[in-house]
1. The range A:560-623: which trypsin sites (Lys or Arg not before Pro) are DSSP loop and have at most 12 other beta-carbon atoms within 10 angstrom?
2. So which GluC sites (Glu not before Pro) in the range A:196-239 pass both tests, a DSSP loop state and at most 14 other Cβ atoms within 10 Å of the Cβ?
3. What is the Cα centroid distance between the range A:225-294 and the range A:575-639, reported in whole angstrom?
4. For chain A, what does -39500 (n - 2.57) per DSSP helix run (n ≥ 4), summed and divided by total residues, give at 222 nm, in deg cm²/dmol to the nearest 500?
5. Let me check I've understood the local charge: for residue A:466, count other residues with C-beta under 14 angstrom from its C-beta, Lys and Arg +1, Asp and Glu -1. What total comes out?
6. Check which residues have an amide H placed less than 5 Å from residue A:60's amide H, if you skip close sequence neighbours.
7. If one computes the Cα centroid of the range A:531-552 and of the range A:307-377, what distance in Å separates the two points?
8. What is the distance, in nm, between label points placed 7 Å from the Cα along the Cα-to-Cβ direction at residue A:593 and at residue A:438?
Amino acid sequence: MINVTLPDGTVKQFDKGATAMDVAMSISEGLARNVLSANINGETWDANRPINEDVTITLNTWRDKDGKATFWHSSAHLLAEALEAIMPGTKFGIGPAIDNGFYYDVDTGDKTLTPDDLTKIEAKMLELAREKNQFVRKEVSKAEAIAFFEEKNDEYKLELLEDLEDGTITFYTQGNFTDLCRGPHLADTSNIKAIKLMSLAGAYWRGDETRKQMTRIYGITFPKQKELKEYLVMLEEAKKRDHRKLGKELELFMFSEKVGSGLPIWLPKGTQIRERLQNFLKAEQEKRGYKMVATPHIGHKNLYITSGHYAKYGEDSFQPIQTPREDEEFLLKPMNCPHHCEIFANRPRSYKELPLRIAEFGTVYRYEQSGELHGLSRVRGFTQDDAHIFCTTDQLKDEFLNVLDLTKTVLAKMGFDDYTAQISLRDPNNPDKYIGSAENWDAAEAAIIDATKEVDFKTITAYGEAAFYGPKLDFMIKDALGRSWQLGTIQVDYNLPERFELEYTGSDNAGHRPVMIHRAPFGSMERFMSILIEHTAGKFPLWLTPEQFVLIPVSDRFNDYCRDVEAQLALHDIRGFIDDRSETIGKKIRDNELKKIPLLLIVGEKEVAANSVALRIQGEGDKGVYDIPNFVEFFKTLM
RNA sequence: GCCAAUGUAGCUCAGGGGUAGAGCACUUCCAUGGUAAGGAAGGGGUCGUAGGUUCAAAUCCUAUCAUUGGCUCCA
């Protein structure tokens, strides 16, 4: 007999060789029907794999992340089976579950997969799923495994096998398809009821761009057709929030082939929002002791030789700008820190000046690869809400707290609450990768960790993700389609002060090297804007929105009155415009609702008589009549 | 940069070897309308760009640029 401990602490006894399915059955038949896999002592297992010792168990269903992962991983195998049936000789790379579905990297040789093929594969998958084939786990020796894939001529699986130890290798077979796989899998294919292959993409084998590019097939499956439909509807809804679409519709920004790809052009409405964001941040920074500076868009080549960027990124960047003078070269600045280092070096500095916090909305240019450009999220020219803090190691933690407080204030003001702070530390196995003494790194990493604890941030720690010059903290946030982007960042830097030979005079009258913190709460105005658009679906908070109200006269007889109201509201810094087109009232309301103007003020005979407006809130409908002072009061409650 | 797809009017899209279509937007006129599309008329495109095939190319081919989905990269 074995003891099985359930998540609630209950211990049940079973015969040796019982399965998670048996455990589920002992609880209820319904649960047994829904169990997809189980976590056994922390490891995910097939629901029908025999258990031979005392274990702690969690049963995974569709509602659990691990359950979905099992479902989707099995779906990937089903995809492979279908593809092998349709295109014999296809070679397979890896086929894992991901956050939303699964993919399989395949090599179809000379044949190129087309979207039409996906439809055929889907149909085949459904057909195979209905066969209710069991996923059969088998432990194999390495020699057996190698023989199997040599027979199949699948060099990818053979390469994967090289890294596996004999005795730990398992195969899974369902129907006619056998794959090298750790598992776990569903009991059989019949749970997979709804299938959608989403897209095709190229993907380098093992993520290495020097290796062969395979075809990646992305797909998603569900236990119910209805869930697939809901998922697709959700995707459609998400697309409506896409900042590229809304940016065009709301006339916030544009791109021009003539100006160049990846170079965003901010239109008047977008610029208004951008400037309000900047003014807000400036005010917050002023409270926290920052001084604004302004530096040129280019810098002498020598600046970047000093900073080390020339050697590291020279060839992959915008190329140097020549001058009439021979051998003189300037670079478009890819970051602001070298300029700011020169500001620090401008004159002798005393420890009494530290921490020195200098800030700039600095526009930088980076030659991103053409395939990487993405709306406002990934561009070649963008403005960082940059600042550099020069301080002593002892001041690091307080400065970190100061920056964290600022970042928190900024994100809260925008209503962003679903973000992750990633602490990036050294790779403990690779200490030579990093510049600076171990003591300094210890101090900086401790400062970050302590500071994030004090402000109670939701953090994840990533070892080995630190920059070579120092540890960092990045704020990650998702766009409408669930893609993760880095917004704000805080980075400790020991390298640049060293390279620029920055010094301050300490209380001991000796020279000391400062530490530098790079930080940008928004990250860049462009990327921040893209996320802001997607999170608000274009319904910006009232303080940010370019047009807070629209006055809609019922007929053009009331245009003069509207102008009067507009002027009265302007006195209270309430901004908007008059829709004096000769259209029907219904039409004007519809148009302005679609433009997402927050407050619609309808004005006709009655309103003119009572010096009032009839208020309608975007998306909410009629809110009744307000006289002007009351409306101003009401407006203030919304801000 | 790599793989794949797409590129037709300001926008969304249909069409497809025989000289270009819809809806919305725009202009003008009529209507002066009370809470999500009033009516009529009109203007607007060398079908991304450059070559090629053809009697004839927006349509087929090649190259190129841009965009989209991924991969790689990301100071």
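1. Taking the range A:560-623 and a limit of 12 other Cβ atoms within 10 Å, the loop trypsin sites (Lys or Arg not before Pro) found are A:581.
2. Hits after loop and neighbour filter: A:209.
3. Value for the Cα centre distance between the two parts: 26 Å.
4. -10500 deg cm²/dmol
5. For residues surrounding residue A:466, the net value is -4.
6. A:36, A:37, A:38, A:39
7. If we compute the Cα centre of each part, the gap is 34 Å.
8. So the two model labels end up 6.8 nm from each other.
We did not get these values from a lab; they are worked out from the coordinates using the rules stated. All of these numbers come straight from a predicted model, not from anything done at the bench. As a convention, Cβ positions derive from the backbone with ideal geometry for all residues, glycine included, and neighbour counts pool all protein chains shown.
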